[in-house]
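Only the coordinates and a few stated rules stand behind these numbers; no lab work does. Owing to the predicted nature of the structure, the values given are computational and were not obtained by experimental measurement. When we count neighbours, we look across all protein chains shown, and the Cβ atoms used for this are built from the backbone with ideal geometry, even at glycine.
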Amino acid sequence: MEKKKVVVAITGASGAIYAKLLLQRLMDLQNQIEEVGVVMSDNAKQVWRFELGEEGFQDYPFRYYDKNDFMAPFASGSAKYDTMIIVPCSMGTLGRIASGISNDLTTRAADVILKERRKLILVARDTPLNLIHLNNMKAVTEAGGIICPAVPSFYSKPKTIEDVALTVVDRVLDLAGFNTNSYQWGKNQV
Ligand SMILES: Cc1cc2nc3c(=O)[nH]c(=O)nc-3n(C[C@H](O)[C@H](O)[C@H](O)COP(=O)(O)O)c2cc1C
């Protein structure tokens, strides 16, 4: 299996726990990874502090990029990053991607991933959804992106908040093409 070059973008939607658990899982999958680049919006940092009561978002063994760093490798298709995960993805970031407004590193990198026909996964988080959100999801899907809403499942009988959030994160990692030992219906049934 070829090692992956992954961009993780964290935006200011609720659900910083999803980003945190994804970064933790990626640490355990280092043998499948060549590079992880992380970029966060200002709102993402604020929501992380507010929801998780800590600010350890910079503490992971990955390369961090400023939100306006258009010199970052994945701002260009030539760097050949194969996967981008936006977790959680705000409706604002979704809308900017759907409209092609590449005014920061996250939206530029998403634009690049789509134009290069590589894998873009948006862990969209808001409820309920208005028609603008739905149309933006349709546009991104038509452009080749994957909308993977932050909607947990319960058939694995999760016991803790982390277990619940991991039902989303593990689904995202499966979509991204990682080999994980995540729950599979019909296999690990309890
Ligand atoms: C605590 C908190 C929770 C939020 N939750 C959401 C959310 O679930 N979905 C969403 O689209 N925006 C949410 N927002 C609003 C976004 O942070 C805001 O729209 C921001 O402009 C998004 O910018 P970004 O996409 O650059 O991070 C939340 C804001 C705060 C302070």
Next on the checklist: Let's see if you can work this out: charge +1 on each Lys and Arg Cβ, -1 on each Asp and Glu Cβ, no other charges. What is the dipole magnitude of region 1-151 about its Cα centre, in debye to the nearest 20?
Outcome noted: 360
Next on the checklist: Over the Cα atoms of region 44-107, each weighted equally, I'd like the Debye log10 I(q)/I(0) at q = 0.21, 0.27 Å⁻¹, rounded to two decimals.
Outcome noted: -1.09, -1.36
Checklist entry - Over all pairs of distinct alpha carbons, what does the Kirkwood formula give as the hydrodynamic radius of the chain, in Å? => result 16.7
Next on the checklist: Could you work out how much longer the chain between E142 and N179 gets when fully extended? Use 0.36 nm per residue separation minus the Cα distance between them, nm to one decimal.
Outcome noted: 10.7 nm
Checklist entry - So which chymotrypsin sites (Phe, Trp or Tyr not before Pro) in region 63-101 pass both tests, a DSSP loop state and at most 16 other Cβ atoms within 10 Å of the Cβ? => result F70
Checklist entry - By a straight-distance test (C-alpha under 24 Å), which lysines pair with K20 as possible cross-link partners, with residues fewer than eight away in the same chain excluded? => result K3, K4, K5, K45, K67, K119, K157, K159
Checklist entry - Which value, in Å³ per residue, describes the convex hull spanned by the Cα atoms of region 1-91? => result 94
Next on the checklist: Can you compute the modelled spin-label distance between E55 and S76, with each label point 7 Å from Cα toward Cβ, in nm?
Outcome noted: 3.3
Checklist entry - Hey, rough spin-label estimate for K159 and I33, points 7 angstrom out along Cα→Cβ, what's it come to in nanometres? => result 2.7
